[in-house]
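The values are calculated or read from the model by the stated rules, or taken from the named source; none is laboratory data. Given the structure is predicted, the values throughout are model-derived calculations rather than measurements. A quick note on method: Cβ atoms are made from the backbone with ideal geometry, for glycine too, and the neighbour counts reach across all protein chains shown.
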Amino acid sequence: MPIKLYRPVTKGRRFSSVQDFSDITRDEPEKSLISTRKEHAGRSGGKISVRHQGGGHKRFLRDVDFIRHHFDVPARIDSVEYDPNRGGRIGLIVYRDGLKSYILLPDGMKVGDTVISSQTEADIAPGNRLPLEKIPVGTPVHAVELTPGKGAQLGRAAGTRIEFNAIEGAWAILKLPSGETRRVPKICMATIGTVSNPDWHLVRWGKAGRMRHRGIRPTVRGKAMNPVDHPHGGGEGKHPIGMKYAKTKWGKHALGVKTRKAQSSSNRHILVRRRGNTL
């Protein structure tokens, strides 16, 4: 997907870019595969639990099939569609028996291509879904399960690909885009290829209005607030935070503080941390 630039006739347009959308083949979603999205504006029980959220354009949820348990039935890509809830494209597939479903569209696939999900054997081609033990080592994959049968949890963002490095006993060794190397059961399902729309991260939003359209509200610096509102607040004019380390709005350490539980049950499956530190 190319990125489109405009002649800067306004200040907001000067530093912004948009998606080209030339790969989209259908404007309206499949009505049987959408549901309403309840807006919470970052609130739980009336209190703000996640700041800087609220508003934004109304949108429907697309029922994307992350499990794909309709095994050994070929499906044809009927349309390529835009999903306002994610960066990658989604594809409407129609199985040979007439069932319709949405999937994460792999990069390079187009209308008319065929995909299949199988637990035994299938071609090693983009869009096909197989257990990791049936996929050759070195093949880029996405939409990987962490728990067999639970559905895709890893590698779902636009342009994401996971490196399939090895099989050791009952485990498959994967290197994630973050740099983390971890193991998952080799019977977990994965889709071959890279998630579509790899240029998504190149879009420059340009102005606050486009962020509000996405449902993202403004972020105010702590030291621009009053002391009653933030530990960094107060003082005359522009000033430093006045403490040895940064704090959150609630007085806890910020910037570089580890938040992962030391005794997390998944620690034993992580071989290399995101920053390259071995366990």
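At a glance:
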| item | result |
| --- | --- |
| Failed criterion for L104 (all others in (1) surrounded by fewer than 14 Cβ atoms within 10 Å (Cβ to Cβ); (2) within 20 Å of K150 (Cα to Cα) hold) | (1) |
| Condition check for F60: under 28 Å from L146 (Cα atoms), of a type in the set (F, W, Y), out of contact with any Lys or Arg (no Cβ under 7 Å at 6 or more places or on another chain) and surrounded by 14 or more Cβ atoms within 10 Å (Cβ to Cβ) | no |
| Unmet criterion (only one of (1) small (G, A, S); (2) touching a strand residue (DSSP E or B) at 6+ places or on another chain (Cβ under 7 Å); (3) assigned to a loop (DSSP other than H, G, I, E, B)) for S101 | (3) |
| Matching residues, the stretch 10-67, being of a type in the set (A, V, I, L, M), over 16 Å from M211 (Cβ atoms) and either in contact (Cβ under 8 Å) with a residue 40 or more places away in the chain or not assigned by TED's automatic domain parsing to the domain that holds R129 (or both) | I24, L33, V64, I67 |
| First in the stretch 227-250 and under 19 Å from V50 (Cα atoms), second anywhere and in a loop (DSSP other than H, G, I, E, B) and hydroxyl-bearing (S, T, Y), Cβ under 9 Å, 6 or more apart | H230/T248; P231/T248 |
| Test: residue in the stretch 139-159 that is in a loop (DSSP other than H, G, I, E, B) and over 18 Å from F66 (Cα atoms) | yes |
| Test: residue in the stretch 252-269 that is among the hydrophobic types (A, V, I, L, M, F, W, C), touching a residue at least 60 places away in the same chain (Cβ under 8 Å) and under 28 Å from L176 (Cα atoms) | no |
